[in-house]
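Reviewing the structure listed below.
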Amino acid sequence: MSSFDGTEAIYVRELGIDDIAPVYHLGEGLFTSDLYPYLYRTWDEWEVIGLYNTDPEYCLVAETDGELAGFVLGTIITKASWTYGYILWLGVSPKFQRRGVADKLVDKVVARMIEDGARFMLVDTDPTNTSALKFFNRKGFGNTRQHIFLSMNLSKHEYYGRLIDYEHQKAERAGYKRSRPAIRARKPDSVANEVVLNPLANESLITEDQSPI
C-alpha cells in the first residue's frame, strides 16, 4: 500500500527487497562516525535485513520520481500490560530534507502501529542530533531521558595483550618450522652394513675363483 501527496509528489510504501541496499547506503551517509558515533557503530546492513524479515509492515520508504527520499524502520514490543511501538531508525536524504518526508514516514508508521494495538511510542536518537530532537518533540514525543553509553579501548585490556603475545609467538614458531632444512631419513644399520660388506664378499669370491689350487 502507498500514499501519494499531489503537492510534494512523495510516495510512502513498504520497503521491498530491492530497497535494502539503497536504504543501507543512505543510512551509511547519514549516520557518520564524526557526527553520530553511536549511530555509526550500530548501523549496518543487518539492521535493515533483520527488520525487513521480522517487521516488514513497519519498514517504510518514501520516494519521489522513483528516487529514494527517506526511510523509517520500526518494530512492536509486547509486554504483559503494554504494547509499544518503537521507531528504531529514521533517515531522510539531504536532497529531500525539509520537504515533509520525515513527517509522512512517521505519521504512516505510527498509524500502522496504532492499528496493531500499540498504545505507547518510543524513539531514541543521538543526544547531539538536535534537529531530530526538535522534530520528535514537534511530533508529540516528550519525557526526554538521557541514556549514558560507556566505551573501553580493548587494546589496553590485559587479556588483549596476552592474546597478541600468544599470536606473535605462534607466528614465530610457524616461521621457524618453515625455515628449518629438511633432514634426510637415515638408512637402517642393516642396510648400511650390507653396503659395506658386499664389496668384501665379492672380492673374496673373485680371489677364490682365481686361485690355481
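Please give the FRET efficiency for SER151 paired with ALA111, using the beta carbon to beta carbon distance and R0 = 35 Å, rounded to the nearest 0.05. Please list the in-between numbers first.
Details: r = 37 Å, r/R0 = 1.07.
Efficiency computed from Cβ-Cβ geometry: 0.40.
Quick check: residue separation of GLU172 and ALA21 times 0.36 nm, minus the Cα distance between them. What number comes out in nm? All intermediate terms of the calculation are to be shown ahead of the outcome.
Working: separation 151, 0.36 × 151 = 54.36 nm, distance 4.25 nm.
Once the chain is fully extended between GLU172 and ALA21, it gains 50.1 nm.
In a shell of Cβ-Cβ distance under 11 Å around GLU57, excluding GLU57 itself, what net charge do Lys and Arg (+1) and Asp and Glu (-1) give?
On the way: positive: LYS108, ARG112; negative: GLU14, ASP55, GLU115, ASP116.
After counting each charged neighbour, the total is -2.
How do 23-35, 133-145, 49-61 rank on mean C-beta neighbours within 10 Å, highest first?
Numbers: 23-35: 15.6, 133-145: 11.5, 49-61: 17.5.
Descending packing order for the listed peptides: 49-61, 23-35, 133-145.
No value in this document is a laboratory result; all are computed from the given coordinates. A quick note: this is a predicted structure, and the numbers were derived from the prediction, not measured. Neighbour counts are summed over all protein chains in view; Cβ atoms, including those assigned to glycine, are modelled from backbone coordinates with ideal geometry.
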